[in-house]
1. So how do 113, 70 rank on accessible area, 1.4 Å probe, biggest first, that is with the largest at the start?
2. For residue 129 and residue 144, calculate 0.36 nm times their separation in residues minus their Cα-Cα distance, and state this gained length in nm to one decimal.
3. Using alpha carbons only, how many angstrom separate the centre of the range 145-196 from the centre of the range 203-221?
4. Holding the Cα-Cα limit at 27 Å, pick out from 157/244; 168/240; 98/129; 46/129; 98/157; 129/244 the pairs that are longer than that.
5. What share of all Cα pairs of the range 161-211, in percent, falls into each consecutive 5 Å distance bin?
Amino acid sequence: MKTNHTISIIVALLLLTACGSKDDDKIKPPESAEKLYNEALEKFDKHLYKDAIKDFEEVERQHPSSPWAINAQVMSGYSSYEAEDYDSAIATFQRFVKLNPNNESTPYAYYVIALSYYEQINDVGRDQKVTEQAMQALREVIRRFPDTEYARDARVKLDLTTDHLAGKEMEIGRYYERHEDYVAAINRFRLVVETYQTTSHVPEALHRLVECYLKLGVKDEARRYAAVLGANFPSSMWYKDSYKLMVKDAKPVAAAESSSWWDHVIP
């Protein structure tokens with residue numbers, strides 16, 4: 001009797017479990033990590049990035065110790081990047097590198113962090129904080145992973161970012177010059193010449209310095225900058241404009257006169 005009673009209890013429990021499995025509110029057992037990951041990947045491939053992020057996060061939640069969880073975190077960050085949710089992408093990858101400093105995907109994580117800042121660089125007329133953040137992140141990629149493809153691309157983007165910052169200084173300098181605040185304008189243009197000397201803005205900055213010094217009546221400085229411009233950018237339209245300004249007061253500037261001074265300013 002005891003045995004039969006025990007069997008009856010077990011059967012009753014199994015029946016209750018079976019009935020409970022039909023209940024929509026019953027907590028389902030975790031799905032396999034691979035299945036969840038592949039489902040998320042399918043949504044990613046269809047550009048359903050927000051849905052993919054939810055599924056990748058579910059992989060992490062249900063299988064935190066699985067190798068799939070690491071892949072899911074990387075793909076979650078990349079999905080945010082593709083969705084142009086750059087702040088989320090940065091946060092996800094920053095968490096990833098903190099938890100996985102030596103993972104094979106860590107260089108990629110640093111790279112996408114840099115890209116996420118880089119993609120947010122706005123026009124030169126706006127605040128450039130994100131541009132500076134992009135530069136720092138790009139330098140970090142180059143410093144940590146100098147021989148990788150990520151570093152090679154980061155170097156190119158760093159040059160473009162530097163050019164962008166120089167453009168911002170030029171815009172401010174031109175604003176001051178238009179409002180006849182020539183000293184303030186000179187400070188901006190000199191910054192471009194001395195700090196952003198490899199950028200495309202240097203020829204114009206030199207010309208603007210010629211203009212400003214002439215406006216202030218400091219002809220020796222104007223002539224010096226015109227000489228620098230002629231020595232380094234003799235075919236530039238900016239040198240031609242500076243020449244026209246200087247010829248009213250002096251002979252055409254000889255490029256050779258300024259070589260030693262230019263070497264001092266721009267190594």
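The values are calculated or read from the model by the stated rules, or taken from the named source; none is laboratory data. Predicted model, so just to flag it, every value in this text is computed and none were measured. Remember, those area values only see protein heavy atoms, side chains included, never the ligands or the DNA or RNA. Shrake-Rupley method; radii C 1.70, N 1.55, O 1.52, S 1.80 Å.
1. On the way: 113 15, 70 55 Å².
Largest accessible area first, the residues go 70, 113.
2. Details: separation 15, 0.36 × 15 = 5.40 nm, distance 2.27 nm.
Full-extension gain reported as 3.1 nm.
3. 19
4. Numbers: 157/244 36 Å; 168/240 24 Å; 98/129 24 Å; 46/129 34 Å; 98/157 25 Å; 129/244 38 Å.
157/244; 46/129; 129/244, as the Cα separations exceed 27 Å there.
5. 5, 29, 37, 20, 9, 1
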